[in-house]
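Input: a single structure, listed below in structure tokens.
Every read-out reported here was derived from the displayed coordinates using simple, explicitly stated rules and does not represent laboratory data. Just so you know, these numbers come straight off a predicted model, no measurement behind them. Quick reminder, even Gly has a Cβ in these numbers, built from the backbone with ideal geometry, and neighbours come from all protein chains shown.
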Amino acid sequence: MKYIEGFREPRAARALVEKLRLLGQSSLKDGNGVTFMEVCGSHTMAIARYAIREALPEGVALVSGPGCPVCVTPAGYLDAAIELARQGVIMISFGDMLHVPGSRSSLARARAAGGDIRVVYSALDALQIAAAEPQRECVFLAIGFETTTAPVAGLVPLADERKIGNLSLLTSFKTIPPAMDALIADPELRIDGFMCPAHVSAIIGADAYLPYARQHGIPCVVAGFEPLDILLGIEGLLRQIIEGRAEVENQYSRVVTAGGNRRAQVLFQRLLEPEDALWRGLGVIPASGLRLKKAYSSRDAAVRFGVTIGPGVEHAACCCGDVIKGKLNPAACPLFAKVCTPDDPVGPCMVSAEGSCAAAYKFRDIRQHAY
Amino acid sequence: MKPDTVQLGHGGGGRLSRELINMAVVSRFGDGPLRGLPDAATLSANSGEVVFSTDSFVVSPLEFPGGNIGHLAVHGSINDVAVAGGWPRWLSLALILEEGLPFAVLDRVLDAVRDAAAKADVVVATGDTKVVERGKCDGLYINTACIGERVEDWRLDAAAVRPGDVILISGTLGDHGMAIMAARNGMAAGGPVSDCASVYPFVDAALPYAAEVRFMRDPTRGGVAAVLNEMVEGATSAGIEIDETCLPLAPGTQAVADMLGLDPLYAACEGRVLLVCAAGAADAILGAWSKLPGGAQAARLGHVSAEAPLAGLVAALTVTGGRRIVDLPGGEILPRIC
């Protein structure tokens, strides 16, 4: 099976766009529009990259949700990371975090000022870095949702096994379902359907969304990241609305199962426990974070170095909070593309490759640009 | 016992220096203008005008699928001369070596310089070698400069580009950038292979249509996206539309780009020409290119458009039939790829 080309096939994509248009025409009467939320940042990026908004039928709106891990990481977390870098700790991070503004600085600026900050593509690289300099402390910037939490938390048993004592994690792990609960509870938001994350679902399983369909009557479709996946996901949501159903459909069955990745779930249970977590833009959401259990506190950088992660200070005019909730289109933020650009970001949504603002900026479609 | 790595003394100007030059340089390049190691080379050009370019190479890793820093150092400079309408003739070669560099690596790199120069029919005419302390450079840096003779027929000028013109590329996109990223991330096996090569054969094959060729570039750092954006920057009545559904992409390059979340449009090529010509000449040039070794995937990327909302922009038609803007790449995308 061709896992990429097949899902980018232009003729099939354009046929689906046409099908969606007809579906929308026959079912969505004037003023009867629907709003779907793509929860995950990689969907936001792909929707922009393939100009899918432009291809949607009239009356179907897509809003971007909170699923960009960099975007929801509070400024105070970065402040703590920058402080550790200043103390001479080797900070290991995925590249997206480097330009995220903390209260006063960013890791990129800390690096220019002499901080030892290493960018990796794989969490496993952290083991090599720590093993190569056993006399120095190494801290991995452990942020992310379930997808990223699995390999990053997996560093703990691997480091134990290889007797690498100088590696710890500065955790700000978050889980998606509590954020979806918070969005449903927000009276200002009306969401008619969730396009559920692709790779988060590979870990937690499609059944994790059953409560949204069954108790809240909100249609859910788990969709992949290729253009055809996304179009099929929108089609599935639209059909559920038209037929008056609210179910969890799994369009991404080539990767996602109903029950998810059991091995990762066991790892989470063994190493991690829930904590209340601060989401940039959403505030504190009960039990929405994951931290290392006490038994593993020697791997917890916050314990090891006695740092506390505060809320930090964010730019007063930054609208990332409303963008993350899907209340505001990035272009409607007064800072967008004027003060806040990918080269000089103010808010985290402009930094991350998955951020709504970065996607809106980088892949501005022609219509939007013409105005 | 002879050391098997470069020593600081090899840069000291004494006997060790002489040994290094003889072993590394004279043995490979000592037959031409370098014979007798004069302070400067004297060259005889046929035509009045020369085309001159220089480039420095700091790629990491030094060796990658499809080549090494030596190939890159030769092709980088000769390609700049070729797309500017020059016939590349002479090359300078300046080496900065880090103490401790294995001679085995140096030999492979200089063999690559020798072979690439011979294949491109370019003479290494002058050079220099320095050694710096361990930690002051990353193995080996190279600077080359290339002098070419101006080819009369070319009238290349980015300002001559006009709506209706067609944009061609001589092969697959982004292979060099992705080969480097794959090598750095331990996914080189079966993955992308650098396209590092001389583009002069492609430039030469387009020469019969010179009157209709407006502009050529080699899309290195920033890839095709950067070149296209530079073309339309500040334009008030023209933009570019490319068709993303028919970009020439090698499967390995596509796969690594997807895995790393990178866009091949922004990834460097080191052996491709991007050429803008009048629509009437496009098929003939593509036909000529497709017969060259490495030219099978030459393709039409898009065209220059007079559509008002596109003015000053590069737009890509996507698989869904929508269009998006292909922006100028930001600051740090892929450091040290060449």
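Take each residue in B:306-319, count the other chain C-beta atoms within 10 Å of its C-beta, and the mean is 4. Under the simplified labelling scheme, the B:F52-B:D128 pair shows an inter-label distance of 1.5 nm, with each label point 7 Å from Cα along Cα→Cβ. Once backbone amide H atoms are built at 1.01 Å from N, A:V284 has A:W279 as its partners under 5 Å, excluding neighbours fewer than 5 places away on the same chain. Since only A:G260, B:V161, B:T42 are under comparison, the one whose Cα sits farthest along the positive direction of the charge dipole of the protein assembly as shown, derived from C-beta charges on Lys, Arg, Asp and Glu, is A:G260.
Under a 5 Å amide H cut-off, with hydrogens placed 1.01 Å from N, A:V60 pairs with A:V34 among residues at least 5 apart or on other chains.
Axis angle, to the nearest 10 degrees, between helix B:103-119 and the longest C-alpha principal axis of chain B: 50 degrees. Expressed as a whole percent, the proportion of Cα-Cα pairs in segment A:37-110 lying more than 19 Å apart is 49%. Once the chain from A:V303 to A:D276 is taken as fully extended at 0.36 nm per residue, the excess over their C-alpha distance is 8.0 nm. Inverting the pair-averaged 1/r between distinct Cα atoms of the protein assembly as shown gives 27.7 Å as its Kirkwood hydrodynamic radius. Between the alpha-carbon centres of segment B:295-314 and segment B:147-211 there is a gap of 16 Å. For chain B, a Kirkwood hydrodynamic radius built from all Cα pairs, placed in the Stokes-Einstein relation at 10 °C and 1.306 mPa s, yields a translational diffusion coefficient of 76 µm²/s. Mind checking which of A:V266, A:V34, A:V89 has the largest fluctuation in a GNM of chain A, springs on alpha carbons under 10 Å? In this elastic network of chain A, the residue with the biggest mean-square fluctuation among A:V266, A:V34, A:V89 is A:V266. Comparing A:H43, A:L78, A:G281 along the charge dipole axis of chain A, the residue lying farthest to the positive side is A:L78, per the Cβ-charge model.
Using the Cα centre of chain B as the reference point, and only Cβ charges (+1 on K/R, -1 on D/E), how large is the resulting charge dipole? Debye, rounded to the nearest 20.
On the way: 25 positive and 39 negative charges, 108 e Å.
Roughly 520 debye, rounded to the nearest 20.
Out of every Cα-Cα pair that chain A contains, those further apart than 26 angstrom amount to 51 percent.
Would you mind ranking B:F103, B:F57, A:F140 by Cβ crowding within 10 Å, fewest neighbours first? List each step's numbers first, then the result.
Details: B:F103 17, B:F57 20, A:F140 29.
Ranked by crowding around the Cβ, least crowded first: B:F103, B:F57, A:F140.
Peptide B:19-31 shows a mean partner chain C-beta count of 0 within 10 Å per residue C-beta.
The dipole here belongs to segment B:51-172: it is taken about the Cα centre, uses +1 on the Cβ of Lys and Arg and -1 on the Cβ of Asp and Glu, and is about 60 debye.
Inter-chain neighbour count for A:40-52: the average number of beta-carbon atoms from partner chains within 10 Å of each residue's beta-carbon is 3.
Separation of segment A:178-210 and segment A:93-149, taken as the distance between their Cα centroids, equals 29 angstrom. Here the alpha carbons of segment B:8-150 define both size measures, Rg and Dmax, at 14.9, 45 Å. Taking Cα atoms only, the orientation of helix A:176-185 departs from the longest principal axis of chain A by about 50 degrees. Measure nothing but the geometry: give the 0 to 90° angle between the long axis through the Cα atoms of B:223-232 and the longest principal axis through the Cα atoms of chain B, rounded to 10°. For helix B:223-232, the angle is close to 60 degrees.
Going by C-beta contacts inside 10 Å, put A:K327, B:K2 in order with the fewest on the left.
Details: A:K327 15, B:K2 6.
In order of increasing Cβ crowding within 10 Å: B:K2, A:K327.
Reducing segment B:66-96 and segment A:342-364 to their Cα centroids gives an inter-centroid distance of 37 Å. When its C-alpha radius of gyration is set against 2.2 N^0.38 Å (N residues), segment B:158-325 gives a value of 1.01.
Sort B:S27, A:S105 so that the residue with the fewest other Cβ atoms within 10 Å of its own Cβ comes first and the one with the most comes last. Working shown, then result.
On the way: B:S27 12, A:S105 18.
Fewest-to-most ranking of B:S27, A:S105: B:S27, A:S105.
Measuring between alpha carbons in the structure, the pairs from A:K163/B:K136; A:K174/A:K325; B:K119/B:K291; A:K174/A:K294; B:K2/B:K119; A:K19/A:K325 lying more than 21 angstrom apart are A:K163/B:K136; B:K2/B:K119; A:K19/A:K325.
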